[in-house]
Amino acid sequence: DVKVTQSSRYLVKRTGEKVFLECVQDMDHENMFWYRQDPGLGLRLIYFSYDVKMKEKGDIPEGYSVSREKKERFSLILESASTNQTSMYLCASSSGLQAGGNTIYFGEGSWLTVV
Amino acid sequence: GQQLNQSPQSMFIQEGEDVSMNCTSSSIFNTWLWYKQDPGEGPVLLIALYKAGELTSNGRLTAQFGITRKDSFLNISASIPSDVGIYFCAGHFGNEKLTFGTGTRLTIIP
C-alpha cells in the first residue's frame, strides 16, 4: 500500500514564526503535492514537484515555499506564519503518467493553527 | 480552468439506504477518481476509473465513468454508520493537474 506520512498532525505556531511541514512517501513516486483544505473552499493546490529539486507553483503559492532535496521527501515552508494560514495541510504523491493514470494518494493531514 | 460540479452538497439518510452522488465537468477527463475523507483525516482513494463507460466496484461502492467523459457517478449500497464522511470526486485530462469537486457530506440519521 502507498504510504504518505506527514510528520506533524497538530501544530500551534505564533504569528511571524517560520514553520516547516514535512512529508515522506515510500512508493518512489515522482510527483508530490501540497494542498490546503478550508471549509467551503475545498482542496487548493499550493505547490507541486515533478522531480527532485524541481518545484512549480500551484493555485495559491503566496506566503509559502517548498523544498525537495530527496525524491521521497517534500517540505512545505511558511517563512513567516500568519493567522490566515491557519488550515489543514495535505501532502500527496503520485506516480505520474503511467497506465494507472495520475492517481494521487494523500497523507493524514497536518492541522496548523497560527495565533 | 476546468470546473467540477459535485452534487448533492450534503445528504442525510437512514442506515441501510442506498446513496448516489455525481460529478460533472466542463471539459472531458481521461481519469476520474473518488475519495472519502473522515473527519480530521486525509482523503482516501476509493475507486479509480480510466476508461469511458467503465463501471468499477469496491465492496458496496460502485462508480462509473460516464460515456461522455464529462461525468462520473458513485453509488453506495446499504449504507452503514462508517460510511459517514465527505466524498470527493477528482478528474484530469492528459498532463493537467487534478481538479477536485467540492465534496458531498454524507450523514446517517440514527
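Considering A:A81, A:A99, the condition of being hydrophobic (A, V, I, L, M, F, W, C), farther than 19 Å from B:P39 by Cα and at pLDDT 95 or above is satisfied by A:A81 alone.
Among the candidates B:F65, B:F29, the residue that is farther than 22 Å from A:R44 by Cα, of a type outside the set (A, V, I, L, M) and within 14 Å of another protein chain (Cβ to nearest Cβ) is uniquely B:F65.
Which numbered condition in (1) on the phi < 0 side of the Ramachandran plot; (2) surrounded by 12 or more Cβ atoms within 10 Å (Cβ to Cβ) is the only one that A:N84 fails? That leaves (2) as the condition not met.
Looking for whichever is within 14 Å of chain B (Cβ to nearest Cβ) and open to solvent by less than 30 Å² (accessible area, probe 1.4 Å) here; the options are A:Y89, A:Y50, A:Y64. Which one fits? Just one listed residue meets the conditions, A:Y89.
Screening B:A78 with (1) more than 13 Å from every other protein chain (Cβ to nearest Cβ); (2) open to solvent by less than 10 Å² (accessible area, probe 1.4 Å); (3) aliphatic (A, V, I, L, M) gives one miss only, at (2).
Conditions (1) more than 9 Å from every other protein chain (Cβ to nearest Cβ); (2) surrounded by fewer than 20 Cβ atoms within 10 Å (Cβ to Cβ); (3) within 21 Å of A:S94 (Cα to Cα), marked per residue:
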residue: B:L55; (1), (2), (3): yes, yes, no
residue: B:A90; (1), (2), (3): no, no, yes
residue: B:G101; (1), (2), (3): no, no, yes
residue: B:L106; (1), (2), (3): yes, no, no
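Scoring A:R73 on the criteria (1) open to solvent by 70 Å² or more (accessible area, probe 1.4 Å); (2) under 21 Å from B:I86 (Cβ atoms); (3) more than 10 Å from chain B (Cβ to nearest Cβ) leaves a single failure, condition (2). Confirm whether A:R44 is assigned to a strand (DSSP E or B), open to solvent by 50 Å² or more (accessible area, probe 1.4 Å) and of a type outside the set (G, A, S). Against the criterion (assigned to a strand (DSSP E or B), open to solvent by 50 Å² or more (accessible area, probe 1.4 Å) and of a type outside the set (G, A, S)), A:R44 qualifies. Is there a residue in the stretch A:32-44 that is at pLDDT 90 or above and either β-branched (V, I, T) or in contact with a helix residue (DSSP H, G or I) (Cβ under 7 Å, 6 or more places away or on another chain) (or both)? Looking for residues that are at pLDDT 90 or above and either β-branched (V, I, T) or in contact with a helix residue (DSSP H, G or I) (Cβ under 7 Å, 6 or more places away or on another chain) (or both), one finds none in the stretch A:32-44, hence no. Pairing residues of the stretch A:53-73 that are outside any loop (DSSP other than H, G, I, E, B) and among the basic types (K, R) with residues that are modelled with pLDDT of 95 or more and open to solvent by 50 Å² or more (accessible area, probe 1.4 Å), at Cβ distances under 9 Å and at least 6 apart in sequence or on separate chains, gives A:R73/A:E22.
Looking only at residues in the stretch A:1-25 that are modelled with pLDDT of 95 or more and part of a loop (DSSP other than H, G, I, E, B), the one that is most open to solvent (accessible area, probe 1.4 Å) is A:R14.
Go through the stretch B:57-70 and give me each residue that's in a loop (DSSP other than H, G, I, E, B), in contact with a strand residue (DSSP E or B) (Cβ under 7 Å, 6 or more places away or on another chain) and open to solvent by 70 Å² or more (accessible area, probe 1.4 Å). B:R60, B:K70 - these are the residues of the stretch B:57-70 that are in a loop (DSSP other than H, G, I, E, B), in contact with a strand residue (DSSP E or B) (Cβ under 7 Å, 6 or more places away or on another chain) and open to solvent by 70 Å² or more (accessible area, probe 1.4 Å).
The values are calculated or read from the model by the stated rules, or taken from the named source; none is laboratory data. Remember, predicted model here, so these are calculated numbers, not experimental data. Backbone-built Cβ (ideal geometry, glycine too); neighbour counts: all protein chains shown. We work out accessible area using only protein heavy atoms, side chains counted, and drop any ligands, DNA or RNA first. Shrake-Rupley method; radii C 1.70, N 1.55, O 1.52, S 1.80 Å.
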